[in-house]
Structure formats: C-alpha cells, structure tokens
Amino acid sequence: MEIKIPKQKKSNPKQSGRSTSSFTFSSLDYFGQNKFKSRFFKELALFSNAGITISDALPLIQEQLQNKNQKSIIASIEQKVYDGLPLSVALEPIQLFNGQDIATVKVGESAGNLKSVFNELNSYYQLKIDQRKTLITTLTYPTVVLFTSIAAVTFMLQFLVPLFKDTFKRSGGSLPRITELIIQLSDNFTFLAAGFLTITLSLIGLHWFLSKNNEAYKLRFSWVFIKTPIIGNFVLQNHLLSVATSFKLLLSSGNTLSEALESISTSCQHPALQELLLKTNRKIKSGSTFYSELKNSSLINPKFLSLINIGEQTNQLSNIFHTISEELQKDQAAKSKQMGSLIEPVLILFLGAIVGLILIGMYLPMVTMNTTMF
C-alpha cells in the first residue's frame, strides 16, 4: 500500500540562502563515509519499498540525522531534487559520491528499478564496512602486543640495565660479550631511538609525498608491496573483492562492460589494479575482449579468469562476478583468521626472544660471579 506524505512547501535556494556548492565530507574518514552512504541508500530503499517518493524521503532522512554536515548534504540533494533534477544529477556536485554511485543510480533511473539499485548500493557499502572491521579485528591484538613489548624493552634498557651496570662496576672483573653489547645499547638507547624514529618518520613522509605527487612511484610501490609476504597478497585480495563487487553492482544495474570499467578504474585505490583496468578498458573500446586482456596479468587468480571467460562468452558476467565476490569474501574471512593466528605467535616469540636475551645478558655475570666465589 502506498504511503502518502503530506506535501510541504519548499523554498527556492536563492530565497532561503541555502548553499548548493560542492560538499567534500572532509569531516569523516573513509570508514565514516562508507557508513553514511550505506545508511543513506538503505533508507532510500526502505522508503521506496513503502511507496514514498525520493523528494518526500529526503526530508525524512534529514530529520533523523544529528551531524550538521550530513544534514547539509541531504538538504543540498533535497533542494536539487525539488528543483526537478534527477537524483543522479543531484549527487554529482557532492564529492562524497563517486562516479560508480552516480552511474549506478543513473542506470536505475533509466531502467525504473531504483529500489533494487538502492539495495545493491547499501549491500556494497555494508560489505566495505565489514571488510574494514575484519581487518581492524585481525590487527588489533598483534598491535597491542607489539606496543606493549616495545614499552617493556624500553623500560628494561632505560631503567633496569643501568641498575645492573652499576652493580657490575662495583664488583669489577670482565663481563660476557653479550652483557657488554646490551650495556652499550642501553647507554646509546636515546640516541638510537631518536635516530630510528627520525628515519622512520622521514621515510613515511617521503612515501606520502611521492604517493601524492608521483604516479610512477605509486605504481612501482604497489607492485613491490604485492610481493610482501602474507600482507601484500591479503591487501590485493581486498581490492579485488571491492572490484568484483563493483562489477556485480554496475553490470546488474544495466551498465555496459566499458561503462563499468570506466567507473571502477577511477575509484579503484590500488595503483597496479587501476592500471590494469584502465588498459583493459582502452583495449575493449578498440575491439578486444575482457578475458584476453586480463589473462596475461598476474593480479587475477586463474580460477577467476576461467569464470570470467565463461561469463563473457555466455553474456552472464554479472552473475559470474557475483560468484567471484562471494568466493573472495569467504577466502578473505579465512585469511583474516589465518593471519591473526600466524602473526600473534610469531610476534610474541620474536619480542619474547629479545626480552629473554636482555635478561640472560644481565643475569649471566651474576651466575659467573657466584660460580667463581664457590
């Protein structure tokens, strides 16, 4: 049954002074943006299913929000829709919504299936949120262990070792080589720590600068990072999951393969994968096939390449990418648990060995002295 919403008188932007300029949503991080977009499309889907028009749904969505920036964005969209613009056009000035969002909504408007498009977009951003949560959960405990161990080693070198050093000086005699090395490390710890921190921050700053200003560096670094054991492949698979889900979303909405490639390649965050998508799109426009351009890339799993080949031949790429997306989700969930199970004991053993080495170095002279006395 269609729900009727009382019509409210809306003001013209010029009369109300409401700004219709572009919003960047800079007050939210990447995770916060995905949460907002997931909620936005979910509520549009709910209102559409209830028979409420978009122009009536937007003020209802705005009323539920507490954040002023979010309310301003919805108000801007609402005004443009009230002025007669399609939702896809109303989203264009708002940088929060990327080309993939706009292209999907536009196809939904043309095909008259906005309800399913909103549901698909909500599912897409919910998946990205779940990916981020899984990654955070996997890395939280190892990170806590790492910083706790660093704090323990710092305390030992700064406070515990100097106490033993004074005792050894009063007792006289020669010290084992390992003890001398630990004492030297303790004496120079502040200088070494400051140097290490300076070099690390400098490298991070240089990487950030080059990543922002040098596309060739970004591409080379992404290929090097892929070769990093465990982590490199895990990050790549996360990006492939996003790409596969985007293809499923865009193709099922009615976009052509070339249109989907164009939207996804502009929003892809992995430089090596982005380069592959851009190159593939250019070749497809020249008459090549999707599979023939992907098959020579080491980025794509051979199993998924076979599925893509079948999907392209049978014109079922949307269903194929749905299958690939589900496979990657299961694979990433298993890898996340595997990573957590592997990183934690390795980290504990490595840092435990360092702590144990310091303790052995400090107690070894005492054992030697006791043996000499007897």
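Step through the table entries Lys37/Lys128; Lys128/Lys218; Lys42/Lys115; Lys68/Lys128; Lys128/Lys330, compare each Cα-Cα distance with 18 Å, and write down the pairs that go over it.
Over 18 Å Cα-Cα: Lys128/Lys218; Lys68/Lys128.
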Histogram of C-alpha separations across the range 173-320, 5 Å bin width, %: 2, 8, 13, 17, 14, 9, 8, 6, 5, 4, 4, 4, 3, 2, 1, 0, 0
Go ahead and collect, in residue order, the members of the range 136-163 whose backbone nitrogen is under 19 Å from a label point 7 Å along the Cα-Cβ direction of Ile199. 150, 154
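Suppose we take every Cα in the range 100-249 and form the convex hull; what volume per residue is that in Å³? If you can, show how the numbers build up before the last one.
Details: hull volume 23.7 nm³, N = 150.
Looking at the range 100-249, the number lands at 158 Å³ per residue.
Set the Förster distance to 22 Å, then compute FRET efficiency between Gln269 and Trp208 from the Cβ-Cβ distance, nearest 0.05.
Working: r = 15 Å, r/R0 = 0.68.
Given R0 = 22 Å and the Cβ-Cβ separation, E is 0.90.
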Calculate the translational D of the range 102-171 in whole µm² s⁻¹ from Stokes-Einstein, where the hydrodynamic radius comes from the Kirkwood formula applied to all Cα pairs, the temperature is 10 °C and the viscosity 1.306 mPa s. 93 µm²/s
Sort out for me the Cα centre separation of the range 177-229 from the range 41-61, rounded to whole Å. 50 Å
Quick one: work out Rg over Rh on the C-alpha atoms of the chain, Rh as Kirkwood radius. 1.14
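Just to be sure I follow the definition: excluding the sites themselves, where is the longest run in the chain that has none of the trypsin sites (Lys or Arg not before Pro) in a DSSP loop with at most 10 other Cβ atoms within 10 Å?
The answer is 10-226.
Only the coordinates and a few stated rules stand behind these numbers; no lab work does. As the structure is a computational prediction, the values presented were derived from the model and not from experiment. Glycine gets a Cβ as well: all are built from the backbone with ideal geometry, and neighbour counts include every protein chain shown.
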